[in-house]
Amino acid sequence: MNTSAQKQEQPVDVLGADARAALDRDGHVALAGIVSDADVAAMRVRVEAAAADAAAAGEGGRGDAEPLVGELFERAWTHPRLLAAVAHILGDEVVLTGLGFRCPAPGHGAQLLHVDHGHGVPAGEYQVCSAFLALVAFGEENGATRVVPGTHVYGRIPPVKPLTWRHPQERRLLGPAGTVFVFNGHLWHSGMPNRSQAARPALVMSFGRPGASGRMG
């Protein structure tokens with residue numbers, strides 16, 4: 001798989017002033033219209049099959065790129081608006097560092113608040129960012145990802161707290177299937193427990209500056 005997020009000629013307003021402001025202020029933005037309904041449905045079938053294989057192998061509800069190669073998935077991570085959001089965070093020289101999925105089953109999916117880079121960095125020297133493509137609606141009940149807006153500028157990692165601890169400023173990334181949530185990898189975030197009766201599949205796309213290392217989701 002070609003993992004270079006190619007620099008493309010873009011109109012200056014391909015992302016939009018509101019989205020750029022949200023990324024600067026909050027560290028995250030939701031993008032609609034990135035993926036067609038048909039592609040969302042096809043990806044969901046592939047991701048749920050990969051998640052079932054991972055569960056059967058005892059690997060839990062997440063996995064890497066091996067089952068997710070091909071044009072179907074490339075149409076998501078190479079979309080001009082998505083790449084423009086990534087470039088706004090990291091600059092023009094970026095690579096796709098990870099392509100995988102999260103598909104927490106009912107009762108699973110809870111994580112501690114974390115960042116996707118091993119340590120804090122000064123504001124403006126960001127190394128990684130992530131994008132989640134919701135393959136079903138992200139809601140409160142099925143454990144939509146939580147973020148703490150503005151923490152990407154702190155330059156430090158979250159404090160270690162109990163799994164049930166809630167940050168007073170946290171919010172959920174909520175939206176219909178097909179929404180792409182792009183967030184700065186230095187933003188404090190985590191998965192939440194899936195309290196619904198169905199799995200919550202999502203495509204996870206991770207980007208970084210050349211040589212940067214990070215984690216997926």
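Quick notes on this one:
- Residue match in the stretch 175-188 (condition: more than 29 Å from residue 75 (Cα to Cα), in contact with a Gly (Cβ under 6 Å, 6 or more places away or on another chain) and of a type in the set (A, V, I, L, M)): no
- Flag if residue 46 is basic (Lys, Arg), over 15 Å from the mean Cα position of the chain (by Cα), at pLDDT below 95 and over 25 Å from residue 150 (Cα atoms): yes
- Output for the stretch 134-143, where each listed residue is within 25 Å of residue 78 (Cβ to Cβ) and not in a strand (DSSP E or B): 135, 136, 137
- Residue among 81, 25 that alone is at pLDDT 95 or above and in contact with a Leu (Cβ under 7 Å, 6 or more places away or on another chain): 81
- Tallying residues that are in contact with a helix residue (DSSP H, G or I) (Cβ under 8 Å, 6 or more places away or on another chain), surrounded by 16 or more Cβ atoms within 10 Å (Cβ to Cβ) and under 28 Å from residue 33 (Cα atoms) within the stretch 148-165 yields 1.
- Some residue of the stretch 151-170 being part of a strand (DSSP E or B) and in contact (Cβ under 8 Å) with a residue 12 or more places away in the chain: no
- Residue in the stretch 123-132 that is farther than 16 Å from residue 20 by Cα, part of a loop (DSSP other than H, G, I, E, B) and either touching a helix residue (DSSP H, G or I) at 6+ places or on another chain (Cβ under 7 Å) or small (Gly, Ala, Ser) (or both) present: no
- Residue selection: residue 84 fails the criterion of being in contact with a Pro (Cβ under 7 Å, 6 or more places away or on another chain), surrounded by 15 or more Cβ atoms within 10 Å (Cβ to Cβ) and under 16 Å from residue 30 (Cβ atoms).
- Residue satisfying all of: in the stretch 166-217; more than 17 Å from residue 128 (Cβ to Cβ) and among the charged types (D, E, K, R); surrounded by the fewest Cβ atoms within 10 Å (Cβ to Cβ) among these: 166
The values are calculated or read from the model by the stated rules, or taken from the named source; none is laboratory data. Just so it is clear, the structure is predicted and the values come from calculations on it, not from any experiment. Here the Cβ is made from the backbone with ideal geometry for all residues, glycine too, and neighbour counts use every protein chain on show.
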